[in-house]
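The values are calculated or read from the model by the stated rules, or taken from the named source; none is laboratory data. Computed from a predicted model, the values in this text were never measured in an experiment. So basically every Cβ, Gly included, is an ideal-geometry build from the backbone, and we count neighbours across all protein chains shown.
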Amino acid sequence: MRRVYDAILNDHLARQRQMAFVSGPRQAGKTTACRRVSPEPAYLNWDDLGHRRIILAGPEAIAAHAGADRLQESPPVVLLDEIHKHARWKGLLKGLFDTWEGRLRVLVTGSSRLDVYRRGGDSLMGRYLLYHLHPLSVAEILEPSLPTGETRPPRELPHVEWTALCDHGGFPEPFLKRDPAFSLLWRQLRRQQLLREDLRDLTRVVEIDRLHALADILAERSGNQTTLSRLANDVHAAVDTVRRWVPLLESLHHCFVLAPYFARIANAIRKEPKVYWWDWSDVDDPGQRFETMVATHLLKAVDGWTDLGLGTFRLFYVRDKLQREVDFLVTRNRKPWMLVEAKTSDTKLSPSLAYYHQKLGTSHAFQIVRELPFEAADCFARHDPVVVPARTLLSQLL
């Protein structure tokens with residue numbers, strides 16, 4: 001199926017000179033999207049021994065493999081998959097770009113978050129643009145074209161597609177197959193690959209069983225506020241150990257963490273992040289599953305809008321010591337922009353949503369309800385707190 005990232009990557013190759021780094025969860029479709037760009041890229045995968053020999057031979061060998069030394073109508077494209085597993089990958093890419101810029105286009109993918117490697121100085125600064133590839137969403141299924149702004153006109157997703165997305169999640173293979181037994185086996189295999197193969201390749205963690213237990217707990221508590229001391233007690237590990245493990249799971253796209261927003265909120269909670277599971281179909285509780293689904297849609301939107309240069313967007317939650325809470329806050333260019341409270345069926349407007357809308361001066365405040373039928377009305381035309389169908393609001397994102 002077509003993906004919005006097909007359009008994003010083709011647009012990058014047409015307009016930008018930098019390498020494209022494509023980061024995202026394992027099996028979300030990174031390699032497939034990259035291999036569909038035009039012209040069709042030469043492919044080198046670090047995990048393939050034959051390909052690895054070419055990569056280790058250096059920039060000249062990679063360029064020759066891609067045909068950069070031959071006259072062509074447009075520069076050839078080379079796709080380097082899982083290249084971050086190479087101990088000297090940054091130096092390799094720097095040499096490849098500096099030597100072959102203008103004669104070779106480079107795409108780089110990784111199931112581990114390539115953006116975490118920017119810490120401590122970046123020898124690749126100015127040589128790449130980063131794109132976050134996410135699982136499928138309502139808006140992408142409806143319209144996989146290049147977005148021109150933050151929001152889209154509302155469109156109704158057919159009921160069968162909506163049900164499949166809710167039940168099987170947004171990862172392409174289980175969503176398209178729509179078989180409960182296959183989806184269960186697929187999730188089990190993916191978790192095994194993440195916790196054993198990726199951890200083995202990228203880290204020195206030896207207590208895999210305890211880390212696996214931590215992953216199970218985080219999936220069970222998706223969307224809950226998290227204290228490290230409680231998690232450490234639950235898995236019988238030191239607090240400092242768990243403090244390292246949670247970011248590690250996040251870097252492997254096993255989960256993602258939302259920090260509380262505290263600027264301009266008196267008595268705001270400043271700690272206790274919320275942890276969400278990437279695959280909402282793996283969350284058993286229906287309310288937590290829907291909240292996790294909304295969280296992943298919003299994260300995809302803020303990452304995509306930022307990657308496309310539409311602004312600097314971030315996702316938070318808000319809560320104060322008086323227990324007033326709203327599930328999500330989207331900031332645009334460091335200013336509060338949109339509040340979202342997720343409900344399965346409750347259509348009574350949350351007092352906390354109205355309170356924070358006034359307190360923070362957001363442009364939009366939505367109570368998104370799963371069970372409401374689609375309405376062909378633009379959610380973003382409203383600037384007062386309003387109850388909206390999930391099928392409508394999610395169709396207007398990325």
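Quick notes on this one:
- Filter result (assigned to a loop (DSSP other than H, G, I, E, B), touching an Asp or Glu at 6+ places or on another chain (Cβ under 6 Å) and surrounded by fewer than 22 Cβ atoms within 10 Å (Cβ to Cβ)) within the stretch 132-190: 146
- Every condition in (1) of a type outside the set (Gly, Ala, Ser); (2) crowded, with 16+ Cβ neighbours inside 10 Å; (3) at pLDDT below 95 is met by residue 71 except one, and the failing one is (2).
- Scanning the stretch 51-70 for residues that are part of a helix (DSSP H, G or I) and either acidic (Asp, Glu) or out of contact with any strand residue (DSSP E or B) (no Cβ under 9 Å at 6 or more places or on another chain) (or both) gives 53, 56, 57, 59, 60, 61, 64.
- Filtered by the rule that a residue be farther than 21 Å from residue 260 by Cβ, crowded, with 16+ Cβ neighbours inside 10 Å and more than 20 Å from the chain's Cα centre (by Cα), the stretch 214-247 gives 214, 235, 237, 241.
- When 319, 314, 391, 332 are checked against the criterion of being at pLDDT below 95 and either buried (at least 23 other Cβ atoms within 10 Å of the Cβ) or in the same structural domain as residue 147 (by TED's automatic domain parsing) (or both), a single residue qualifies: 319.
A quick yes/no check of all residues on (1) modelled with pLDDT of 90 or more; (2) among the charged types (D, E, K, R):
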| residue | (1), (2) |
| --- | --- |
| 251 | no, no |
| 256 | yes, no |
| 259 | yes, no |
| 274 | yes, yes |
| 283 | yes, no |
| 291 | yes, yes |
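- Boolean, residue 289 is in the same structural domain as residue 372 (by TED's automatic domain parsing) and on the phi > 0 side of the Ramachandran plot: no
- For the stretch 254-281, a tally of residues being part of a loop (DSSP other than H, G, I, E, B) and surrounded by fewer than 22 Cβ atoms within 10 Å (Cβ to Cβ) returns 12.
- Tally, over the stretch 10-36, of residues that are surrounded by fewer than 23 Cβ atoms within 10 Å (Cβ to Cβ) and assigned to a helix (DSSP H, G or I): 9
- Test for residue 341: is it in the same structural domain as residue 267 (by TED's automatic domain parsing) and more than 22 Å from residue 265 (Cβ to Cβ): no
- Considering (1) over 30 Å from residue 308 (Cβ atoms); (2) at pLDDT below 95, the lone condition that residue 178 does not fulfil carries the number (2).
- Some residue of the stretch 98-115 being surrounded by fewer than 19 Cβ atoms within 10 Å (Cβ to Cβ), of a type in the set (A, V, I, L, M) and modelled with pLDDT under 95: no
- Contact map, the stretch 43-64: residues that are within 17 Å of residue 87 (Cβ to Cβ) paired with residues that are basic (Lys, Arg), Cβ distance under 7 Å, separation 6+ or inter-chain. Pairs shown: 46/52; 46/85.
- Residue in the stretch 297-318 that is more than 21 Å from residue 160 (Cα to Cα) and more than 19 Å from the chain's Cα centre (by Cα) present: yes
- Residue in the stretch 158-171 that is modelled with pLDDT of 95 or more, farther than 28 Å from residue 194 by Cα, touching a helix residue (DSSP H, G or I) at 6+ places or on another chain (Cβ under 7 Å) and of a type in the set (Asp, Glu) present: no
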